[in-house]
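The structure appears right after this line, and notes come after that.
The values are calculated or read from the model by the stated rules, or taken from the named source; none is laboratory data. A quick note: this is a predicted structure, and the numbers were derived from the prediction, not measured. Here Cβ is always computed from backbone atoms with ideal geometry, including for glycine, and neighbour counts include all displayed protein chains.
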Amino acid sequence: MSESKKDGSDLNDVPEAEVRSRKRRISIVWLVPLVAVLIGGWLVFKALSEKGPVITMTFKSAEGLEAGKTKIRYKDVELGQVSAIELSEDLSEVVVTAELVKQAENFLSVHTRFWVVRARVGVSGVSGLGTLFSGAYITLDPGVPGNKTHHFTGLEQPPLVTADLPGRHFVLTADSRGSLDIGSPVFYRKIQVGQVVAYHLADDGSNVIFKVFINAPYHEYVHNNTRFWRASGLDVKVDARGVRVDTESLVSILIGGIAFGIPQVQDPGPNAEPETAFVLFRNMDEAKERIYQIKTKSILYFNESVRGLTLGAPVEFWGIQMGQVIDVKLVFDNQKKMFRIRVVIEMEPERFYEAGFIGDDIDRKKLVESLLKRGFRAQLKTGNLLTGQQIIIFDFFPDAEPAPLVFEGDYPVYPTVPTPMEEISTKFMQILQKIDSLPMEQIGKDLRDTLHGAKQIAESPEILNAIRNLSATLEETRLMVSDLRTKVTPEINTVLDGARQSLANAEQILNADSPLQVKMNTALEEISGAARALRLLMDYLERHPESLLRGKGQEE
Amino acid sequence: MSHDLKTARNQGFISCHTCHLLCRKAGTDAIMICPRCGSRLHQRKPNSTKRTWALVLAAFIFYIPANVLPITTVTSLGIAQSDTIMSGVLYFIKTGMWPIALVIFVASIFVPLIKLLILGFLLITVQRKSSWRQKDRTRLYRITEVVGRWSMVDIFVVTILVALVKLGALASIQAQAGAIFFCAVVVITLFAAMSFDPRLIWDTKESLNE
């Protein structure tokens, strides 16, 4: 009540308001809510128009992810944001829901891969250090276009190869994974040109299939005849030329790797198409030497111990390896009520190419049959005397019993011949042969004659007489010896005693302090004194010869 | 509240808004001018309810984006985090700082909303010429006017932070669209409160008396 006023009488003095005509119009103030509505409407429209697809991804763990904060980026451009993180119903996974921008709709397909970028330290390097500060984010690889989907399985590891990386994928089959892992390098002439991007077991579990990616432009070096081999670790060779150590790189020593190349003798062939399958050889030598891709299996039955025959044992023919043993099993033959050993061998017919033994299947069968007729048989043989390892050899045994070529399923069964007691028995055979070759009959006959003669001599009377005389002679000799003992021996003792006494005396005499010695010395001194006097006399006489006449006279 | 209340209005007087000169009312369908200062004379604030309604509605519309859109983006060491008012409140609740959360909630969410609701309520009652607890309603209006300006605290905090926290890659804060809408809500609400003429609350009484 701001404008209340007192009840007054002089209100007539209050001046009258002036008057202007009133214009009716809509108040301008309504512009304000109108603008508000427009802005609000625009915001709603913008939000709706920018609303992109909502996708779900499953991860093993939501480490580093946060609903409402974690971004989805591609090439560092923000494409969306994680809106919810929930556990899957069976608690095995984390379901991440994300809202993407509208633009993302165009490339989402079943080939799109999502993964979380975190700081990672691995054998092949350190990545995602930036996320230490900025926090983890989800990134994606659009992949090739395909069927649309909004549900994805997130990768636990970032893929090594993304769709925008030029190069080619190839498939390698190997018997085991070895030390290879995702990210293991692939070398060409010791330059890293690619890496292993995936590996998995073949559907039937028979081998391991590696997927490698060769970066452009190196994929041009992969030809149809290219061979891949493991470059894991060190390759140390000791031969007549000394010790050689070979390795692809230090990294491959640590984490293994794959190398490829073309055997020099071979024509490289055309460039390999993407996804071409190759065999991954165990090492370079194997890759370069073994050019046998075809393998045929055959079966051998042995009726003896195969102790020492291991899987992989070589199958040789005249010292040349033709294949290897791939299976050894004991089989009970119900018909014969007998145990047999079934050996499956794998042969590489390509090894015969150069000898001209090539032909189609029918020819080959006939060929084998003709070989069998000529005694072509398999046999167990000791390959190594030290370890007792056995190998299987094929050879011609013309004496072998004839055997037909039979098939067990698709596999031919080659007849075998028993092992002649191994190496020792062969030696023994040799000895026997030598013995056999000796002129035993002649020797025996001569020996018999000699014995006969000897017998005749022994039985002759002269011999008996001689023996009798001999015994008499012996008797006499005995007596003589007895005489010697009783008579001669004491004499000898006496003589010896005398000799010993003489020697003792002689020793006494010869001693330096013996009286004889002293006397001798004195005598000798006397003699020398006499000699001196005589010399003086002679000198005197020479000078005074007259003294002989006149005597010595007076000294002048 | 006296029953035979004499007001300027029912006595045919009108007060100038500018120089507060009391004038006698002239003819009804005319624009009156203050003879002393030349300002336009109005019995009540012109189109008070319409204007207030328009502004309240606009404020209501802006209130939605103000709360849905982020008000600031804090970039710290490369981590960009956008926050709406409510997410800030929830953050403080989560970290156990209840008093701060309460202050922000009251100043930024509760007060603007309650102001708009009060104004709406007053407008409805005025239009229905309700005589229900007029004094209390007037008190509500006074509270609205007094409290209204404090909602601007939020905007001031944002502007100061944006200006101060410019540490490059270490930390920086940007104001986002939400701040603008929030500012619009507060300002429009202030205008709405200003354009509302509390005398209208009491006009019913007078018309009853007449």
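Of these, A:Arg177, A:Arg113, A:Arg168, which one is crowded, with 18+ Cβ neighbours inside 10 Å, basic (Lys, Arg) and over 21 Å from A:Leu65 (Cβ atoms)?
A:Arg168
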Selection count where residues are more than 16 Å from A:Glu304 (Cβ to Cβ) and free of Cβ contacts under 8 Å to residues at least 60 places away in the same chain, scope region A:321-350: 14
Residues satisfying the stated conditions in region B:18-32, i.e. surrounded by 14 or more Cβ atoms within 10 Å (Cβ to Cβ) and at pLDDT 70 or above: B:Leu21, B:Leu22, B:Cys23, B:Arg24, B:Lys25, B:Ala26, B:Ile31, B:Met32
Spans of strands (runs of 3 or more DSSP E) in region A:42-149 with at least 3 residues in contact (Cβ under 8 Å) with a residue 24 or more places away in the chain and not assigned by TED's automatic domain parsing to the domain that holds A:Ile182: A:51-59, A:71-74, A:77-87, A:94-101, A:113-117, A:137-141
Selection count, region A:479-517, where residues are loosely packed, with under 10 Cβ neighbours inside 10 Å and assigned to a loop (DSSP other than H, G, I, E, B): 2
Residue in region B:33-67 that is surrounded by the fewest Cβ atoms within 10 Å (Cβ to Cβ), counting only those that are facing chain A (nearest Cβ under 8 Å) and at pLDDT below 80: B:Asn47
Qualifying residue in region A:295-313 (condition: part of a strand (DSSP E or B), under 22 Å from the mean Cα position of the chain (by Cα), touching a residue at least 60 places away in the same chain (Cβ under 8 Å) and under 20 Å from A:Phe397 (Cβ atoms)): no
Residue within region A:116-136 that is within 29 Å of the chain's Cα centre (by Cα) and aromatic (Phe, Trp, Tyr) present: no
Residue count, region B:75-84 (criterion: surrounded by fewer than 17 Cβ atoms within 10 Å (Cβ to Cβ) and touching a residue at least 24 places away in the same chain (Cβ under 8 Å)): 3
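From the list A:Gly68, A:Gly64, pick out the single residue that is touching a Gly at 6+ places or on another chain (Cβ under 7 Å) and over 28 Å from A:Val144 (Cβ atoms).
A:Gly64
Yes/no matrix, rows are residues, columns are (1) outside any strand (DSSP E or B); (2) in contact with a Lys or Arg (Cβ under 6 Å, 6 or more places away or on another chain); (3) of a type in the set (A, V, I, L, M):
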position: A:Leu165; (1), (2), (3): yes, no, yes
position: A:Phe170; (1), (2), (3): no, no, no
position: A:Gly183; (1), (2), (3): yes, no, no
position: A:Gln195; (1), (2), (3): no, no, no
position: A:Asp203; (1), (2), (3): yes, no, no
position: A:Ile209; (1), (2), (3): no, no, yes
position: A:Val212; (1), (2), (3): no, no, yes
position: A:Phe228; (1), (2), (3): no, no, no
Those residues of region A:202-224 which are under 28 Å from the mean Cα position of the chain (by Cα) and surrounded by 19 or more Cβ atoms within 10 Å (Cβ to Cβ), in sequence order: A:Phe210, A:Val212, A:Phe213, A:Ile214, A:Val222
Filter result for the condition that a residue is outside the structural domain of B:Trp150 (by TED's automatic domain parsing), part of a loop (DSSP other than H, G, I, E, B) and not small (Gly, Ala, Ser), over B:Pro70, B:Pro35: B:Pro35
Residue in region A:149-161 that is among the small types (Gly, Ala, Ser) and within 14 Å of chain B (Cβ to nearest Cβ) present: no
Selection count, region B:77-111, where residues are assigned to a loop (DSSP other than H, G, I, E, B) and within 14 Å of another protein chain (Cβ to nearest Cβ): 3
Test: A:Pro439 is surrounded by fewer than 10 Cβ atoms within 10 Å (Cβ to Cβ) and free of Cβ contacts under 8 Å to residues at least 60 places away in the same chain: yes
2 or more residues in contact (Cβ under 8 Å) with a residue 12 or more places away in the chain and under 39 Å from the mean Cα position of the chain (by Cα): qualifying strands (runs of 3 or more DSSP E) within region A:367-421: A:376-384, A:389-396, A:411-414
Test: residue in region A:27-46 that is away from chain B (no Cβ under 11 Å), surrounded by fewer than 17 Cβ atoms within 10 Å (Cβ to Cβ) and at pLDDT 80 or above: yes
Residue in region B:185-197 that is in contact with a Leu (Cβ under 7 Å, 6 or more places away or on another chain), within 14 Å of chain A (Cβ to nearest Cβ) and over 24 Å from B:Pro46 (Cβ atoms) present: no
